[in-house]
Amino acid sequence: MHNRLQGHEIFLLARTLAPELGKKERAIARFIDDNPDTLATMNISDIASYLNVSVASITKVSKKLGFTGFHDLKMSIGKTDAKPGELIEIPVIPDSELYTNKVIESTFFNSILALQESLQAIDSAVIKTVASLFINRNEDAKIIIAGCGGSGSVCDDFNHKLLKIGIFSYVFSDSHKQLMSASLMQPGDILLVISHSGQTTDIINMVSAANDKGAETICLTNYPNSPLSHIARHAIISSVKNNPITGENATTRIVHLNILDAIFTIIASKTSEQSQSSLLNTRNAVAAKRTAS
């Protein structure tokens, strides 16, 4: 059994347990995860009525989270140090191996949760459509990838993967180059933009300009109702909740890398003959850069 949890740790565990539970218990776990601000003041009977489950089921889920019952769970939730919207103070790290191990475990745990949650939310039909755009593009079609800040590193990674299978693309992080390149796009060209928030104005303006030129525009973002997801022709939505210290964008990058890896794998498998040849050539080209074993 895990050590007794407090505060946001309870919601993280409820989220990761949910996919493994039965239908009613899963609904209870997700309800716990979705109500961090008010759960400590809720009545177990009201929750049971709202979810159409028994009080015993709520007690059972509470015990699976490591508590004696729902009341015990509520008391621990009430010990949360900070509320959403408040300034989060990064704690001083004690000089101990135990604390370091806890931080490592928590960091990996958050990434696993983010991947599990996004796997449930991703629309496979959109992934298939996006992959088809790359597979069926004209030979002279331009491929442009763009992102700002932390998203730029994700763009570079996808650009690198495409190059491995012989697909040339351009990456732009400078706002002027983003708009300039978008203004030169044509029907059949592909623009892939990455923005965690979906609210970065430079990226939104770039997509708008590319849309005006008839290009296929794709966005990878974390929010379905963001301005970017509404304006892009194809929106891939991840689902990552906030982490008190590192924020959403840290784990979002891991999710976005996995989404793009899936798209890359589809593209490579559907163009296997060309991809295999290109993979061999690009791998041999950099072989001399490695030390002899």
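Looking across the stretch 250-280, just one residue is among the hydrophobic types (A, V, I, L, M, F, W, C) and open to solvent by 70 Å² or more (accessible area, probe 1.4 Å), and that is Leu280. The residues in the stretch 151-178 that are part of a loop (DSSP other than H, G, I, E, B), over 22 Å from Arg283 (Cβ atoms) and either touching a residue at least 12 places away in the same chain (Cβ under 8 Å) or of a type in the set (Ser, Thr, Tyr) (or both) can be counted, and the count is 1.
For Leu119, the requirement of being open to solvent by 70 Å² or more (accessible area, probe 1.4 Å) and modelled with pLDDT of 80 or more is met. Total residues in the stretch 186-207 satisfying the condition of being open to solvent by 10 Å² or more (accessible area, probe 1.4 Å), out of contact with any Pro (no Cβ under 7 Å at 6 or more places or on another chain) and in contact (Cβ under 8 Å) with a residue 24 or more places away in the chain: the figure is 8. Number of residues in the stretch 173-185 that are surrounded by fewer than 22 Cβ atoms within 10 Å (Cβ to Cβ) and closer than 25 Å to Ser278 by Cβ equals 1. A Cβ distance below 8 Å, combined with a sequence gap of six or more or placement on separate chains, defines the contacts here; from the stretch 268-282, residues that are touching a residue at least 60 places away in the same chain (Cβ under 8 Å) reach residues that are of a type outside the set (Phe, Trp, Tyr) and open to solvent by 50 Å² or more (accessible area, probe 1.4 Å) in the pairs Ser275/Ser269; Ser278/Lys164; Leu279/Lys164; Thr282/Leu163; Thr282/Lys164. Annotation note: of Ile204, Ile167, the sole residue that is over 23 Å from Ile266 (Cα atoms) and out of contact with any Cys (no Cβ under 7 Å at 6 or more places or on another chain) is Ile204. Where helices (runs of 4 or more DSSP H) fall entirely within the stretch 206-293, those with at least 3 residues that are within 18 Å of the chain's Cα centre (by Cα) and at pLDDT below 85 are at 248-270. Out of the residues in the stretch 20-78 that are in a helix (DSSP H, G or I) and of a type in the set (Phe, Trp, Tyr), state the one that is surrounded by the fewest Cβ atoms within 10 Å (Cβ to Cβ). Among those residues, the one meeting the criterion is Tyr50. When you scan the stretch 90-99, do you find a residue that is under 30 Å from the mean Cα position of the chain (by Cα), surrounded by 12 or more Cβ atoms within 10 Å (Cβ to Cβ), at pLDDT below 85 and assigned to a helix (DSSP H, G or I), even just one? Within the stretch 90-99, one or more residues are under 30 Å from the mean Cα position of the chain (by Cα), surrounded by 12 or more Cβ atoms within 10 Å (Cβ to Cβ), at pLDDT below 85 and assigned to a helix (DSSP H, G or I).
The values are calculated or read from the model by the stated rules, or taken from the named source; none is laboratory data. Predicted model only: the values in this text are computed from it and were never measured. Because the Cβ atoms are built from the backbone with ideal geometry, glycine has one as well, and the counts that use them run over all protein chains shown. Just so you know, the surface numbers come from the protein's heavy atoms only, side chains and all, with ligands and any DNA or RNA stripped out. Shrake-Rupley method; radii C 1.70, N 1.55, O 1.52, S 1.80 Å.
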